[in-house]
Structure formats: structure tokens, C-alpha cells
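Bear in mind these aren't lab numbers, they're just calculated from the coordinates by the rules spelled out. These numbers were taken from a predicted model, which means no experiment stands behind them. Neighbour counts are summed over all protein chains in view; Cβ atoms, including those assigned to glycine, are modelled from backbone coordinates with ideal geometry.
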Amino acid sequence: MASNEPPLKPTHLEPSPLGTKEYWDSLYETEITNYSADASDVGTIWFNDSSAEDKVLQFLEEKIVNEGILGNGDGASEGKDWKAAMSFLDLGTGNGHFLLRLRGVVGDSDDEEDDDEGEEEGWGGRMLGVDYSKKGIEFARRIAASSTKSKNRSKEGKGLPREVEFLHWGLLMRFL
């Protein structure tokens, strides 16, 4: 039997402040202020308590570099070649920390020191972080500029890391 009443909206889909552009603009305004006072404060690193960035980096290293899952079967495209050429697009990049980790210009948030001994080379292809929050992109660019300058000083003569790009864009931006 069909009912003429509209279906009830599930409670797990109730609106959240996290779904609003205003929330993110306000958050990144605060994080920019904090970063200006203390450049070691790169803001929130999402899912840091579960080591999500580390797990993704480990997965990429294991599957793409070590196992060569994207290789063409002849072994020629496996290993470091993929790591040097792989491109990444990060939608909802926020402060851009994940792309900067991939590039190798920042360590994880638990790193006390920024020494280069034993440090692995970062991923070398194009990296583009996209976010609909102008403040988030501004924050990401500030962190990237500061981190890259620091990393460049420590890598003199070793080849500098390629820039990570950040773009303010959103699918529904003209409606926001």
C-alpha cells in the first residue's frame, strides 16, 4: 500500500555546522591568526588521532612504489618513477597539510625535529589542493610558502621540491 505522505528525513542527515561555508571561513580565520602568532601551529590535521595521513602514505608507498600496481607489467614503470610522476588532487584540502606531507615538505604533527637524516623523498608530480573556503586556501598557501622555504634551506644543492598549488573553487560557488 502506497502512502501519500512524504518520507521522513532520516535523523542522521540533520544539518551540521560543519556543512556550512561560514563555519570553515571562521575556523580558518582563527587558524590564520594562530599561525601568525606561532608558525608551528598549522591548525587542525584531520584524523590525526587515527594516524590517517601516515596510513595513506604507507598504503601509497606499499601498493604503488613497492608492488607497482600501476605498472604496465614490464617493470619499467614501477618504483621511484611512479613516485616522481604521480599527481594528486585534494578536494576539500583545507590547510593543505596532506599534500605538503606527500611532497615531503612537512612531517607529521608528532615530529619534534625537522632533520633530514633518513628522510624519504616526497612524491614529485603535480599536486593541486582545492577548497571552497578562501580563508582555507589562504592558510594553505601561507603554510606551504613557509614550509617550502624552510625545506629549501635544508636541501641546498639537492634539488628543490616542486610547488604545491592551491585553488579557491567549489562546485556550487556561484550559489554560495
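A simple spin-label model places the labels of LEU128 and GLU67 2.9 nm from each other, with each point 7 Å out along Cα-to-Cβ. Between THR33 and PHE88, the C-beta separation translates, for a Förster distance of 30 Å, into a calculated FRET efficiency of about 0.55.
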